[in-house]
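Reviewing the structure listed below.
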Amino acid sequence: MIKIKVSEIFTSFQGEGPYIGTPATFLRLYGCNLNCQWCDTDISTYEMLSVDDVAEILMTQMEFNNINLLVITGGEPTLQMEEIKRLIKELPEDIKIQLETNGSIFEYLPEIEYVISPKEDKEKVFENYYKFENVFFKFVITCEEDIDEVISIKNKYGYDKTIWLQGEFSKDALMADLIRENFPRLENIKLSVQTHKYLNQR
């Protein structure tokens, strides 16, 4: 029996990125391969659940709440990618699945969507994924150097799709100002704000 390390399952709004405001059920998986100093996610505990049990819990919540978007997040969910692949096979094909990842472990499935927020080796992560149509990029901004890096990557790879820029939450307003000040240098970007935190949602 295949089991998954699950930190929590809950239903709320997608608070950030390209699907902001969309009702969604979240599957938060345990474990991460990075140690970002400003990480705000508590994945200190987990429960071992079978793939079948996780699928049943998800479908119960999604059907009750009339939800069609499943967000698989972490931690870093690709640490359990084989379990995720098995889970996907247990779910109805009409469910939209979004995987939130730092992209450091290359795993690609054409049947789901990716929201990649590179934290380390950003250009390498971008190079691995930028050609796929079902991939969105969201960069966390902590200083002007982060904006410089995004611009450099976009220009080097001739990337003209939308990129989401999200200020680190503790200085969200300052980073929004910084992004606005850089409008003359930025093309096809959108601001991502962690709205669920401002609204005291999960």
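Here are a few things to note about the model shown:
- Using θ = phi - 60° in the Karplus curve 6.51 cos²θ - 1.76 cosθ + 1.60, the 3J(HN,Hα) couplings for the range 191-201 round to 7, 10, 10, 7, 5, 4, 6, 5, 9, 6, 10 Hz; x is entered for Gly and Pro.
- Here's how it looks for Ile4: its modeled amide H is under 5 Å from those of Leu49, Ser50, Val51, which are all 5 or more places away or on a different chain.
- Exposure proxy order (Cβ contacts within 10 Å, fewest to most) of Phe137, Phe64: Phe64, Phe137
- Cα convex hull volume per residue for the chain (Å³): 116
- A Förster radius of 30 Å combined with the Cβ-Cβ distance from Phe106 to Glu47 puts the calculated FRET efficiency at roughly 0.60.
- Coupling constants for the range 109-118 follow from the phi torsions by the Karplus curve (6.51 cos²θ - 1.76 cosθ + 1.60, θ = phi - 60°), and in residue order they are 10, x, 8, 10, 9, 10, 10, 9, 10, x Hz; glycine and proline get x.
- In plain terms, the residue of Tyr129, Tyr198 with the fewest other Cβ atoms within 10 Å comes first and the most crowded comes last, giving Tyr198, Tyr129.
- Going by neighbour counts of Cβ atoms within 10 Å, the residues Met1, Met62, Met81, Met48 line up, fewest first, as Met1, Met48, Met81, Met62.
Only the coordinates and a few stated rules stand behind these numbers; no lab work does. Remember, it's a predicted structure, so these values are computed and weren't measured experimentally. In this analysis, Cβ positions are derived from the backbone assuming ideal geometry, glycine residues included, and neighbour counts consider all displayed protein chains.
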